[in-house]
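Shown below is the structure under consideration.
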Amino acid sequence: MGFLGNLSSAKSRVYISVTPGIGLEMLQLDLNANVVANYAVRDFAYNESLRTIDDFEAFKDAVSDMYGELGINPKTEVVVNMPLVSFGQMQLGLLLPNDAITGAIQSELEQTFIFRRFDPAVAWIDAPSSNNSASKETRTVIYSAIQQVVIEKLSAALSELGSVLVSVENSLSSTFRALDYMGLVSAQLQPNVTWNLLIVNSTGYSIASMTGKTLIEYYEDPLPIKSFEGDEIYNAIVEQAQIALMNYPANYLYVVSDTDMVSAELLASKLSTTGIIDYLENNSFKKESSLIPVSLNVLQGYASKISLQAIGCALADVSDFPLKFNYMEAVGGVGTIEDSCTIAIGEHEYTITKNTAMAIAAGVGLTLVAIMFLLGNVLLPNSVQQEQNKLNDVNTKLEELNGQLNEGGGAEVAFDATREVENGVKGNRAKLMNYIAAGETIPQNVWLTYFMTQGNGLVDIKGGATDVSSVYTFFKNMRDSLIGTKLKLQKLEMDSVSVDAAVAGAGSNYSFEITNMTEDQLNQLFNPPVQCEEGDEECKAKQAENQAQQEGENSDLLGPEIH
């Protein structure tokens, strides 16, 4: 465990973590006693699909409320931890200047659905160099990015409270710092020891392949975990993660679950690996009252909610763990706390900043100008007042004429041609975007047998593939391209083969269905109800046949469909 930095400076700061599943956490560590000195938490919504905060006003109100609860002066420096948005590695020319490296990363990020809409704030560090000949001509950088507008709005919200945003951290770096500080991976962090960190959250899982404290490779695989039930969640994660872990052989595997939907202990028991497996519950499955000792200032009901991310965020200024990214450079650096003074009026004290004082002075000046203007109007000569009266009469007549015109122009229009054309274009545009997304994102080993899209955004895609990984790649690409369509992997099954062939491991193709339609909508699409007249026995027989066929669609020799 290695820590450095100015401890007194770290103590004076406030550390806030946006933690999905928990809310908004505010934490301060006592590094001398190794305990949590102050902690508060508030319910807070985070948009995990778009990886952003939707309501920054609610963020400001929650922070202000926690300041009051913990007795913290809002005139403070703040470090905020955010869920990871983008993370990766890139090989570039050795002589490429730093600004060109940032530009190359930005070009790569603009291909993702999040940064098509928002400019990225990019931060990167050099990866450790290797001894092979290729590394002598190239440099590998590890990069991370967050939406620039998120940092700007965080800074503005805190500035309104009198605070200044000095750093934005990401959840992956914070998790590593917390595991290091708590001594949970001390054996893994030794030089030349290979290990993998597998993190599960409500949107999928990620694998960080490490050698000691050095990141070798990072892999992220989104999974619709919320759409699974019971053991289906574990089966889906194990099926995919097992394949990925085969590419990263290691001495240790450490499993962390950040979601209440998955137990890290149960998932670890289902994974097969040659190394030693350990786990940590960063969720409601944790058996300890707290991940870390707390002082008497921390309410007992709060202690169990303290997350790895909040602990790691509070270590941002003192930990020497190498995964450190400075997003603030991309938005112009760190601001400063405004000079202020406190004024007592009666029993109340008011803090006045320089900007506030200037605003008050400007308001007083405008008020004086208004008073002088009014006084000038009262002392106008009689001739000017008479002209003003004439102008008032003209304005009155004009208002009467406008009222008459409005009364005559209120008839309803039965057909709005422009609106109808716009609706038609909007529907066709939605269909076109769906076709484009399918054409641009389909992998080589996937083919489509059915594609249905409607102007109201409903999509249903059926097809086949030679392997499961290609299906998940296509599903991930479609979901990222068609943002807001809420696509789900409705079906994934092996094509029918004989029992003997299945036991012998004979190869087979896979069929799948991707849709955002409900079961009722799909049934209506493929099995529309047959309307029978009274006494039409042949029609009723056909209706019963359709119902029996529909009930038998979910039966499968190799197991149930994956939803």
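Each reported figure results from applying straightforward, stated rules to the coordinates on display, with no laboratory input. The structure displayed is predicted, hence computed values, not measured ones. Here the Cβ positions follow ideal geometry from the backbone for every residue, glycine too, while neighbour counts run over all protein chains shown.
Give me, ordered by chain and number, the residues 5 or more places off Val459 or on other chains with an amide H under 5 Å from its own placed amide H.
Asn516, Met517
Order these peptides, 279-291, 91-103, by their mean beta-carbon neighbour count within 10 angstrom, highest first.
Packing order, densest peptide first, comes out as 279-291, 91-103.
Please arrange Trp447, Trp124 by counting, for each residue, the other beta carbons lying within 10 Å of its beta carbon, fewest first.
Trp447, Trp124
Same structure, new question: May I ask for the net charge around Pro322, where only other residues with Cβ less than 13 Å from the Cβ of Pro322 are counted and Lys, Arg are +1 while Asp, Glu are -1?
Values: positive: Arg177, Lys213, Lys324; negative: Asp126, Asp180, Asp320.
In short, 0.
Let me ask something additional. Residues in the stretch 190-205 near a label at Thr274, defined as backbone nitrogen under 17 Å from the 7 Å Cα→Cβ point?
Residues 193-196 fall inside that zone.
Within the stretch 152-239, report the GluC sites (Glu not before Pro) that DSSP leaves as loop and that have at most 16 other Cβ atoms within 10 Å. Intermediate values should be presented prior to the final figure.
Values: sites: Glu152, Glu160, Glu169, Glu217, Glu220, Glu229, Glu232, Glu239; in loops: Glu229.
Passing sites in the stretch 152-239 are Glu229.
Based on the Cβ-Cβ distance from Leu95 to Asp320, what FRET efficiency comes out when R0 is 25 Å, to the nearest 0.05? Can you show the working numbers first?
On the way: r = 29 Å, r/R0 = 1.18.
Computed FRET efficiency for Leu95 and Asp320 comes out at 0.25.
At a 10 Å Cβ-Cβ cut-off, how would you order Ile142, Ile22, fewest neighbours first?
If I rank by nearby Cβ atoms, fewest first, I get Ile142, Ile22.
Between Ser12 and Asp119, what length in nm is gained on full extension when 0.36 nm per residue of separation is reduced by their alpha carbon distance? Write out the running numbers ahead of the final one.
Numbers: separation 107, 0.36 × 107 = 38.52 nm, distance 3.20 nm.
Result for the pair: 35.3 nm of gain on full extension.
Divide, for the stretch 184-287, the radius of gyration over alpha carbons by 2.2 N^0.38 Å, where N is the residue count.
The reported ratio for this selection is 1.01.
Grab the beta carbon distance between Ala362 and Lys390, set R0 = 35 Å, and tell me the FRET efficiency rounded to 0.05.
The pair Ala362/Lys390 has a calculated efficiency of 0.45.
Still on this structure, please answer the following. Output the pairs from Lys270/Lys305; Lys476/Lys540; Lys75/Lys287 with a Cα-Cα distance over 31 Å in this structure; if there are none, say none.
Lys476/Lys540; Lys75/Lys287
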